[in-house]
Amino acid sequence: MYTVGSYLAARLSQIGLKHHFAVAGDYTLVLLDQLLTNKDMKQIYCSNELNCGFSAEGYARAHGAAAAIVTFSVGALSAFDAIGGAYAENLPVLLVSGAPNSNDLATEHLLHHTLGTHDFTYQLEMAKKITCAAVTISSAVNAPEKIDYAIRTALCERKPAYIEIACNIASAPCAAPGPISAVISEEPSDSETLKAAVAAAAEFLRGKKKPVLLIGSKLRAAGAEKEAIELANSLGCAVAVMAAAKSFFPENHPQFVGIYWGKISTPGAQAVVDGSDSVVCIGTLFNDYSTVGWTAEPNGPGVLTADQKRVRMDGHDFSRIHLRHFLSALSGKVEKRDATMIEYSRVRCEPPVEIAAKPGAKLTRAEWLRQIRPLVTADTTVFAETGDSWFNGMALDLPGGARFEIEMQWGHIGWSVPASFGYAIGAPDRRVIALIGDGAFQLTAQEVAQMIRQKLPVIIFLMNNHGYTIEVEIHDGPYNNVKNWDYAGLIKVFNAEDGRGRGFRANNGGELAEAIKVALANHDGPTLIECVIDRDDCTADLIAWGHLVAKANGRPPEPQ
Ligand code: TPU
Ligand code: MG
């Protein structure tokens, strides 16, 4: 016997979810009971719905998809911010919201957790803008079809979807789920179009001397990471990666030349990309930040763009082909072209030697970076928060297997606390390290308590530079000052009587080294290391990037 809730649970479990995230509310309690009847999935609780959405977003990064269950309006509207993030970051997160009793929908009743009007549709209408599929279930009869449609569309589009379930329908009897293949099987590439696109791309490359591959963040969403390596191996050319795609192409691959990010690229990488006569952009996303205020965007007839389901180049535009099919087929049709590797070997520079600071000397960003480098091992995932952590993160070399997570398109400060929590739930065998600024941390700090509750050994490096330094570099004012907290002391508060989190404040390199030792040995909870640095101790990259972004932001209105 299935109910609407247990049907949903079965489908979530069938698509591979071992957990779902939730915040309780009276419109969802019965649904949560129904989800709990599925013994293949655990319910993980969050401190608020924004964090619940971001926890699911992080879980989807580790696990391919995720679900967050929240109550009507007061919960869902908070979660919408994170769902917008999942949309921007191409992550299939299912937001499930409890909703008013189906009998109330057509009445003149006023209900709690609503606007106090008779309109109960506004939430669905809002959800439509930030998801690829949004359904409302107020009868059990059509629930299977609607649930399957929402999940299938999310998985296929790699975007979030929204399912609203009336609170009295969650436990209503419902049909049994059919084969899961109906939900997870994807539309094949159109074979004729694929052939034509590969032929055109092979021809495009044949006429060029210096091809280079530029990897972007949509590569993972397309599930085409392996195929990008295949094409790189066949071409033998240089491969640069955009900041938002760091780790999507292995940094220990012999053809990896670094991060392409305009003026603040890895030394040598910009020269190779900008000097190329054929940039193959794979899953790239060019916005004002990634182009450093529109100063670095490959375009023109020398650019081929291969996206999740579309390939474009001078005079051609093909759709309905999967990126991985295109890359794999193209690999078999190209010859070795290593001119950009030869060029790179000429322009590359050795990284500067980092000298250890005296253990008692005041902590600097450079000393902190030097000390955390060895923590990044094959089984590590680094989370880099919006702020100078982005630029510090870029400076970390990733050994094979290491992963890097960044939320560059949505850029919500505070994302990394719940997202690393959700990721750690989804990937318990990985060492999760989060780099986060003081300002960002203050938005979502509560989720450290959930890391403690779940005994997750996440290591948080909280860079306390007493302000919104990234904003300072774009445009300064009194609004960039942050009220200081006793960040390390928070862990005691969150631990209460049973937690095993650890909190440290490092004012110098010696204290930092000691704290790192304890963090590595603490397997029963998170360790937060507050690194106290000067307010203006930031990366040169942040300054250079900030000035160019500020210039782009400050363009005067064009005359009409
Ligand atoms: O390392 P640092 O000091 O740059 O990082 P911190 O201290 O975390 O400061 C981040 C400052 C910041 C803001 C206020 N970065 N972006 N913003 C704008 C912003 C405001 N609200 C949200 C939810 N997201 C944002 N990105
Ligand atoms: Mg700061």
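The values are calculated or read from the model by the stated rules, or taken from the named source; none is laboratory data. Only a predicted model underlies this, so the values are computations on that prediction, with no experimental measurement involved. So basically every Cβ, Gly included, is an ideal-geometry build from the backbone, and we count neighbours across all protein chains shown. Keep in mind that these areas ignore ligands, DNA and RNA; they rest on the heavy atoms of the full protein, side chains included. Shrake-Rupley method; radii C 1.70, N 1.55, O 1.52, S 1.80 Å.
Packing order of peptides 112-124, 68-80, highest average first: 68-80, 112-124 (average count of other Cβ atoms within 10 Å over each peptide's residues).
For H19, H63, give me the order by solvent-accessible area with a 1.4 Å probe, most accessible first, ignoring ligands, DNA and RNA.
Of H19, H63, the descending order of accessible area is H63, H19.
May I ask you to list the GluC sites (Glu not before Pro) in segment 350-396 that are in a DSSP loop and have at most 16 other Cβ atoms within 10 Å of their Cβ? Filter output for segment 350-396: E354.
Which order do T381, T37, T193 take by accessible area at a 1.4 Å probe, largest first?
My answer, sorted largest first, is T37, T193, T381.
With 27 Å as the limit on Cα-Cα distance, the pairs of K39/K492; K42/K226; K209/K333; K129/K483; K42/K309; K195/K336 that go past it are K39/K492; K42/K226; K129/K483; K42/K309. Net charge in the neighbourhood of R502 (other residues with Cβ under 13 Å of its Cβ; Lys, Arg +1, Asp, Glu -1) is +2. In segment 433-543, the alpha-carbon atoms span a convex hull of 97 Å³ per residue.
If I take every Cα pair under 8 Å that is 6 or more residues apart in the chain, average their sequence separation and divide by the length, what percent do I get for the relative contact order?
About 13 percent, as a whole number.
Exposed loop sites, defined as trypsin sites (Lys or Arg not before Pro) outside DSSP H, G, I, E and B with at most 11 other Cβ atoms within 10 Å, are absent from the longest region of the chain, namely 40-208. May I ask what percent, to the nearest 5, of DSSP beta bridges between residues of the chain are antiparallel? For the chain, the DSSP antiparallel bridge percentage is about 15. A convex hull fitted to the Cα coordinates of the chain yields 169 cubic angstrom per residue. Once Rg and the Kirkwood radius are both taken over the C-alpha atoms of segment 368-457, their ratio Rg/Rh works out to 0.94. Helix content alone sets the calculated 222 nm mean residue ellipticity of the chain: runs of n ≥ 4 DSSP H residues at -39500 (n - 2.57) each, divided across all residues, give -11000 deg cm²/dmol. By the Cβ distance rule (another cysteine Cβ under 4.7 Å), the unpaired cysteines of the chain are C132, C156, C167, C174, C237, C281, C349, C531, C538. Applying both filters, DSSP loop and at most 11 other Cβ atoms within 10 Å, to the chymotrypsin sites (Phe, Trp or Tyr not before Pro) of segment 377-433 eliminates every site.
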